[in-house]
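Below is one structure, written out as structure tokens; comments come after it.
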Amino acid sequence: MKHTDSDSASTDGGFSFDAGESQIEVTRSERIRTFLRQYVYEPAIIAWDDWRTRIGGVLVLVYLLMGTLGVVLYPVPTSNQVPRNLQPFESMEAPLGSNQQGIDILGQAIHATPDMLLMVLAGAVWATAIAVIVGTVAGYKGGRVDRAVTTFSDVMMSIPGLPFVMVIAFIYQPTNPLVIGPLIMVNYWAGLGRSIRSQVLTLREESYVEASRAMGVDTWKILTKDIIPSMMPFVLVNFAFAARYVVFAAVGLYYLGVLPTGLGNWGLQLDRAYNDYSALVGTGQEYLIVVPLVFIMLFGLALVLLAQGLDRLFNPRVRTRLSGESEADITEDDDAVSKGAM
Amino acid sequence: MRFYVERTLRAIFTVWMAMTITFGLIRLIPSGPIEQMRVQIVRTNPQLTPAQVQSRLQDRAERLNLNLDAPIHEQYIDYMLGLVQGDFGMSFQESEPVAQVLGEALPWTMFYVTTATVMVFAVAVVWGAVLAYKEGSLFDSASSSVSILASTIPSYVLAFILLLVFSYKLGWLPARGKTSPLMQADIASMTFLVDAFKHSILLIASVFLTQVGLQVLAMRGNSIQILGEDYVRVARLRGLADRRIATRYVARNAILPLYTGFLTLIGFNLGASIVLEQVFRYQGIGWYMFLGLENRDYPLVMGTFLVYTLALVIAVFVADLTYSRVDPRVKQGDKSEAY
């Protein structure tokens, strides 16, 4: 079929390639129900089955609650709100202790969460979105477009990320977390884009993509309907890793004092504790460092577990091998091979 | 041949772009560094006349290799020529050429970053491959869990824990500096080498322990995938020795996807060294970047950024050239047609 024929084929009412135009009437509520079942209920059940996604999901939920409800319910940290130098679990006024200025450590950590969440969300969304666009276009179009895009992302990859971000942050002094997030990811997309590109390179040779191409479906539609959906698992996993990188980098930037100190941050807490209060030097105030450490660790843990769990959820190779199905496959194939040989 | 020319051109292009970025950041942004320095001069010395302020500002700009009176394109050319000749300007605080400060610091940073990164890959390749063969065993799930746990913190956060345990509680390893105070830097002396090594152990450990886990898992995943490939089955059927299959057929192909990760990892480790060196008060280039940021020492900050870029570009370049030997497909380039 030629490129121009496809239009007439879909308009003459005979046969249509578009599955959306099926004859059966579907009410809106039915459609919503199918959608929920397919994209929310079933994945949730499978996800809950795996301990990684379960723990990771619950932890992320805890951080989300902390960033929304916790901030409203828990008092804002200020100087001398509680007695100074309280040890953890010493008094319910400051459950995890207080520092030399009488600031509640737990309050500080909780009130740092919302900005962190915004940063993580903005940064990870931005980086994965750019990577998906760049990777799919380069991988699918191939040729000159691919060359240009790949060279550009290679150049971006060989500019060291964190120093680059620091130089920019140092001069611009951004204060909005929605700006800081994407800024941290300023060249993170390059590496991810490259691995998405190599996935697309194999995907575009798949027969169903070739079929679409032969039918004359336009490139944009092939990308959005055929290619990107089958990469979603990979993208989601990398979204979680991107989020983890934002957390790590933001903590580092705040620790060094590159970003303005107006916003509370776990990195800032570490900085105060280590550089101002000398919390490690046998003063018995190690908890000043340990509390923000635990907050960073658990957040990182949540994201990595989620990424690992999602990988398992979507990756049929890992999944079948784990449930022992692939072993059976191999023996069957072996039989087939030996029969064929005879 | 074309491959080598292309890679060389790309390396040069990257460095040129980094240089241009620094120039643009210093010179082209409204209320950028030059304006900020002017404000700072006026604030600290309110009695100065505008002409005096301008001449002080010019003094500072000269340390950045900039002549504020010249037209902007001449400034750009002069600036770039200076950088090409290895002149990164004069540090405001150290009163020394930035190139000299960083030249002394760079080997220290490169030493522990490359040691740690190479260790990460050596261990990940071996351990990941072993896990792939023992998949589903207790050893596998234990290793995988530990790997995940270790990768949930950045190196500089683990650094605090290691410092607390090994330096402050146990007192086994020094907590700060790249050598003991008063230690003579003499590469031939054993005491110096041992001392320097002792000071770098915690840095290497921080980087290694937080990164090896994810690489082990990646290697394990790749190996599992390749173990299921047809050519491995054919190799088995041909009766090849297991060892030969494991090294030639499986490991070699499983390592390839780690390569891009290796590049990003070197870059990430170089970047993270700024925070890590601040924690350990380790006077590598990251430490000077931190000093520059803290004192608003623009020549030092820009110089360090360029040195980081150079280091990474060279690392990528070397890795590219060696990689083309491992995977011959790279050299042929991508011949796929455009759609």
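Here A:Phe234 passes the criteria (1) facing chain B (nearest Cβ under 9 Å); (2) under 17 Å from the mean Cα position of the chain (by Cα); (3) modelled with pLDDT under 85 except the one numbered (1).
Among all positions in segment B:37-47, there is at least one residue which is without any contact (Cβ under 8 Å) to a residue 40 or more places away in the chain, out of contact with any strand residue (DSSP E or B) (no Cβ under 7 Å at 6 or more places or on another chain) and within 14 Å of chain A (Cβ to nearest Cβ). Could you say whether any residue in segment B:119-134 is modelled with pLDDT under 85 and either under 22 Å from the mean Cα position of the chain (by Cα) or not in a helix (DSSP H, G or I) (or both)? Yes, there is a match, as at least one residue in segment B:119-134 is modelled with pLDDT under 85 and either under 22 Å from the mean Cα position of the chain (by Cα) or not in a helix (DSSP H, G or I) (or both). Tallying residues that are over 30 Å from B:Gln40 (Cα atoms) and surrounded by fewer than 24 Cβ atoms within 10 Å (Cβ to Cβ) within segment B:297-315 yields 5. Evaluated against (1) touching an Asp or Glu at 6+ places or on another chain (Cβ under 9 Å); (2) among the aliphatic types (A, V, I, L, M); (3) touching a residue at least 40 places away in the same chain (Cβ under 8 Å); (4) more than 9 Å from every other protein chain (Cβ to nearest Cβ), A:Leu201 falls short on exactly one condition, (4). Only a single item in (1) out of contact with any helix residue (DSSP H, G or I) (no Cβ under 7 Å at 6 or more places or on another chain); (2) on the phi < 0 side of the Ramachandran plot; (3) without any contact (Cβ under 8 Å) to a residue 24 or more places away in the chain is not met by B:Ser180, and it is number (1).
Let's see how each residue does on (1) within 7 Å of chain B (Cβ to nearest Cβ); (2) at pLDDT 90 or above; (3) on the phi > 0 side of the Ramachandran plot; (4) in contact with a Ser or Thr (Cβ under 6 Å, 6 or more places away or on another chain):
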residue	(1), (2), (3), (4)
A:Leu121	no, yes, no, no
A:Ala124	no, yes, no, no
A:Ala127	no, yes, no, no
A:Val132	no, yes, no, no
A:Tyr140	yes, no, no, no
A:Gly143	yes, no, yes, no
A:Gly161	yes, no, no, no
A:Asn176	no, no, no, no
A:Pro182	no, yes, no, no
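Can A:Leu106 be described as part of a helix (DSSP H, G or I), over 23 Å from A:Gly193 (Cβ atoms) and at pLDDT below 85? Considered against the rule, which asks whether it is part of a helix (DSSP H, G or I), over 23 Å from A:Gly193 (Cβ atoms) and at pLDDT below 85, A:Leu106 comes out as yes. Against the criterion of being modelled with pLDDT under 85 and within 11 Å of chain B (Cβ to nearest Cβ), A:Ser195 qualifies.
Scanning segment B:283-296 for residues that are surrounded by fewer than 23 Cβ atoms within 10 Å (Cβ to Cβ) and either touching a strand residue (DSSP E or B) at 6+ places or on another chain (Cβ under 6 Å) or not hydrophobic (A, V, I, L, M, F, W, C) (or both) yields B:Gln283, B:Glu294, B:Asn295, B:Arg296. Look at (1) assigned to a helix (DSSP H, G or I); (2) touching a helix residue (DSSP H, G or I) at 6+ places or on another chain (Cβ under 7 Å); (3) without any contact (Cβ under 8 Å) to a residue 24 or more places away in the chain; (4) closer than 30 Å to B:Trp287 by Cα and you find that B:Thr191 fails only one, number (2). Would you say B:Gln47 is modelled with pLDDT under 85, polar (S, T, N, Q), farther than 22 Å from B:Gly177 by Cβ and in a helix (DSSP H, G or I)? Spelling it out, it is not the case that B:Gln47 is modelled with pLDDT under 85, polar (S, T, N, Q), farther than 22 Å from B:Gly177 by Cβ and in a helix (DSSP H, G or I). Whenever a residue of segment B:158-173 is without any contact (Cβ under 8 Å) to a residue 40 or more places away in the chain, its partners that are part of a helix (DSSP H, G or I) and buried (at least 20 other Cβ atoms within 10 Å of the Cβ), lying with C-beta atoms within less than 7 angstrom and at least six residues away or across chains, give the pairs B:Phe166/B:Leu202; B:Leu173/B:Leu202.
Restricting to segment B:258-267, and then to whatever is under 18 Å from B:Phe305 (Cα atoms) and modelled with pLDDT under 80, can you tell me which residue is surrounded by the most Cβ atoms within 10 Å (Cβ to Cβ)? Ranking the qualifying residues of segment B:258-267, first place goes to B:Gly267. Being among the polar types (S, T, N, Q) and surrounded by 15 or more Cβ atoms within 10 Å (Cβ to Cβ): is that true of B:Ser189 here? No.
As a summary of the residue check, B:Asp87 satisfies the conditions (1) over 29 Å from the mean Cα position of the chain (by Cα); (2) within 17 Å of B:Leu300 (Cα to Cα) except for the one numbered (1). If the condition is being of a type outside the set (Val, Ile, Thr), surrounded by fewer than 20 Cβ atoms within 10 Å (Cβ to Cβ) and part of a helix (DSSP H, G or I), then segment A:204-223 contributes A:Ser207, A:Tyr208, A:Glu210, A:Ala211, A:Ser212, A:Arg213, A:Ala214, A:Trp220, A:Lys221. Of the helices (runs of 4 or more DSSP H) lying entirely inside segment B:246-305, those containing at least 2 residues that are free of Cβ contacts under 8 Å to residues at least 60 places away in the same chain are B:258-280, B:285-294.
The values are calculated or read from the model by the stated rules, or taken from the named source; none is laboratory data. Please read all numbers here as calculations on a predicted model, not as lab measurements. Positions of Cβ are generated from backbone atoms using ideal geometry, with glycine treated the same way; all protein chains shown enter the neighbour counts.
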